[in-house]
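Notes for the one structure printed next.
The values are calculated or read from the model by the stated rules, or taken from the named source; none is laboratory data. Since this is a predicted model, take the numbers as computed values, not measurements. So basically every Cβ, Gly included, is an ideal-geometry build from the backbone, and we count neighbours across all protein chains shown. Accessible surface areas use protein heavy atoms only, side chains included; no ligands, DNA or RNA. Shrake-Rupley method; radii C 1.70, N 1.55, O 1.52, S 1.80 Å.
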Amino acid sequence: MNSEIGRLILKRLGIAIITLVIVSFAVFFTTNMLPGDTATILLGQAATPEAVAGLREAMHLNDPAITRFFHWAFGFVTGDLGKSYANNMEISTLIGNRFLNTLELAAITTVIAVPFALTLGITSAVARGSLYDRIVTVLTIGVISVPEFVIASTAVLIFAVYLRWLPAISFVNEIHSVSDMLRMYAMPVVTLTFVVSAQIIRMTRAAVIETLDTPYVEMALLKGASRSRMVLRHALPNALGPIVNALALSLSYLIGGVIIIETIFNYPGIAKLMVDAVATRDLPLIQTCAVIFCAGYLILITIADIIAIISNPRLRK
C-alpha cells in the first residue's frame with residue numbers, strides 16, 4: 001500500500017468521524033424539538049404541576065441543552081447509554097437483544113439478496129439488449145417505483161390473509177425449528193430482498209456495461225478470450241469499486257430504513273423499538289437508536305470507499 005492510498009484512507013476515516021459527530025449533534029437537538037413535554041407524557045395529563053416540575057428536575061430536563069448534549073455524548077462514547085425515560089431500564093439492556101434481531105434479519109437478507117442481485121446484474125449486462133435484459137430492467141424499475149410498505153402490505157394480504165400460508169406477525173421467540181424460522185422470516189426477508197436487490201441490480205449492470213465498453217476488454221475479446229473469462233478476469237475487477245458502493249448504499253437501508261418493515265410485521269428489532277420510543281417521547285432511547293443507525297450507515301459507506309480506493313488501479317501504480 002503506497003502513501004497516497006494510506007493518505008486517502010485516513011482522510012476518509014476522518015470525514016466519517018466528523019460526520020458522525022455532526023449527525024449526533026443534529027440528532028440530539030432535533031429530538032429535543034419534538035412536540036410535547038416528556039415529564040407530562042410519562043406522568044399523564046392528570047399530573048399536578050408540582051409533580052411534573054419535580055420529574056423534570058430529577059431527569060435534568062431543566063439543564064441547558066448544550067450541557068445535556070455533552071453529558072449524553074460523553075456517556076455514549078464511554079459506553080454508558082443512560083436509562084430509558086419510559087421504564088427506567090438501562091438502554092444497553094433494552095437495545096441488546098433488539099439490535100441482534102435486526103442484525104439477524106439484515107444478515108439473512110444479505111445472504112439471499114446479494115448473490116441474487118449480482119447474478120442478475122452481471123448476466124443482464126452481458127446479455128445487454130436481449131429479451132432477458134429488457135425483462136430484468138422492467139421488473140427492476142417496477143420494484144424501485146413501489147414503496148416498501150406497499151410491497152409489505154401486499155405480501156401480508158396475499159400470503160397471510162387470503163392464502164394463510166405465512167403469519168402476518170414475526171414471533172421470533174416462538175422459533176423452535178427450521179420450518180418455524182422459514183415461516184417467521186419469509187415475508188420480512190422477501191420484502192427487504194426485493195427492495196435491496198433492485199438497486200444493486202441496476203448499479204451492477206451499469207458498472208459492468210461501462211467496463212465492458214473499455215478498449216482493454218475489447219482487446220481481450222479480440223485476442224480470443226471467452227466471454228466468461230472476459231467478464232470474470234477483466235471486467236469485474238475494474239467494476240469492483242462501483243459495485244461495492246452499490247452494495248453499501250443498498251445494505252445501509254437494512255440498518256435504518258428497515259423501520260417500516262419491522263413496524264408492519266411487528267418484528268422485535270431496534271427500529272421497532274425506536275418507533276415505540278417516539279410514542280412515549282423517550283428521548284435517550286430515540287437518540288441512541290438514531291445514532292446507531294447513522295453509525296452503521298457511515299461504517300458501510302466508509303468500507304465501500306476504502307475498497308474503492310484500494311481497488312483503483314491508478315492508485316496502485
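Protection proxy ranking, highest mean first, for peptides 22-32, 60-70: 22-32, 60-70, where packing is the per-residue count of other beta-carbon atoms within 10 Å, averaged. Extending 7 Å from the Cα toward the beta-carbon at both Leu43 and Val275 defines two label points whose distance is 3.1 nm. Cβ-Cβ distance of Met181 and Leu157, R₀ of 35 Å, FRET efficiency by 1/(1 + (r/R0)^6): the value works out to about 0.95. Thr137 contributes an accessible area of around 50 Å² to the protein surface, as traced by a 1.4 Å probe with all chains present. A simple spin-label model places the labels of Glu210 and Phe149 3.4 nm from each other, with each point 7 Å out along Cα-to-Cβ. Dipole orientation for the stretch 41-175: of the candidates Ser130, Met89, Ala53, Ser130 has the Cα lying most toward the positive pole (charges on Cβ; Lys, Arg +1; Asp, Glu -1).
Note on Ser92 and Asn2: the model spin-label points, each 7 Å out from Cα along the C-beta direction, lie 4.5 nm apart. Please work out, to two decimal places, the log10 of the ratio I(q)/I(0) at q = 0.13, 0.15, 0.19 Å⁻¹ from a Debye calculation in which every Cα of the stretch 13-156 carries one identical scatterer. Result of the Debye calculation: -0.89, -1.01, -1.23.
Applying 0.36 nm per residue to the separation of Met219 and Arg56 and subtracting their alpha-carbon distance, the gain on full extension is 51.4 nm. Let me know the charge dipole size of the stretch 108-214 about its Cα centre in debye, to the nearest 20, where only the beta-carbon of Lys, Arg (+1) and Asp, Glu (-1) is charged. Dipole about the Cα centre, nearest 20: 180 debye.
Largest accessible area first, the listed residues Arg164, Arg7, Arg281 line up as Arg164, Arg7, Arg281 when surface is computed with a 1.4 Å probe on the assembled protein chains. If the chain linking Glu104 and Ile303 were pulled fully straight, counting 0.36 nm for each residue of separation and taking away their Cα-Cα distance, it would gain 69.6 nm. Counted residue by residue at 0.36 nm each, then reduced by the alpha carbon distance between them, the extension gain from Phe74 to Val21 reaches 17.9 nm.
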